[in-house]
1. Using only the C-alpha atoms of segment 34-124, find the volume of their convex hull and express it per residue in Å³.
2. Please list, in order along segment 18-27, the HN-Hα scalar couplings obtained from phi with the Karplus expression 6.51 cos²θ - 1.76 cosθ + 1.60 (θ = phi - 60°), rounded to whole Hz, x for Gly and Pro.
3. Excluding ligands, DNA and RNA, what is the solvent-accessible area per residue of the chain at a probe of 1.4 Å, expressed in Å²?
4. Of all accessible surface on segment 1-150 at a 1.4 Å probe, what whole percent is carbon and sulfur?
Amino acid sequence: MNRIFEGIVDFLYQAATGAKRVRVLLTPVFALAFFCAVLLLIVLSFYIDRLLGFPEFVSKPWSTALALPFLTGGALLWLWCAGIFLRTKGTPAPVNPPPVLVTDGPYAYSRNPMMTGLFLFIFGTGIFNGSVTLTFIMTPLFILASILEFKYIEEPELAKRFGGAYIRYREKTPVIIPRILRK
């Protein structure tokens, strides 16, 4: 299993530090694949709800009122992070990341606030639709899978690319849940 992770880390490192043409070609492929995976997670959750006969756990208009802060906050956080990446000449796609280590804005409080925004948005989507599966099963599983991917793939690649600067940043900044007060 380690060899698989190392191979993925090497591929991402080579893509991130390689020719701009390759990065530009791979970016929409990775973005589309990630979008489709998230969409599949949501659609599959709704299907499982129907298959197992789960009722909506919260009905309208309460589901809208409860979901709105998660949907809005998650979308705004994701867009803020994506904007920072674009400003630094990178994209959210791991094959075309910013060429510099981003540690400002929401990245001063969390190493992966973009995913935190996505988690909030998916959780809000589950609440909005009253989906037991999406809210209480798939979102936590997606968070767990993302943390494992971050630990075994993304972080080793970042350490390889940015060295000591990333290691120092990693030591003082939490992974997903922001530290409101910085040290």
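The values are calculated or read from the model by the stated rules, or taken from the named source; none is laboratory data. Source: prediction; values computed, not measured. We work out accessible area using only protein heavy atoms, side chains counted, and drop any ligands, DNA or RNA first. Shrake-Rupley method; radii C 1.70, N 1.55, O 1.52, S 1.80 Å.
1. Numbers: hull volume 9.3 nm³, N = 91.
Normalising the Cα hull of segment 34-124 by residue number yields 103 Å³.
2. So the Karplus estimates, Gly and Pro as x, are x, 5, 4, 4, 5, 4, 5, 6, 7, 4 Hz.
3. On a per-residue basis, the chain sits at 59 Å².
4. Within segment 1-150, the accessible surface is 75 percent carbon and sulfur.
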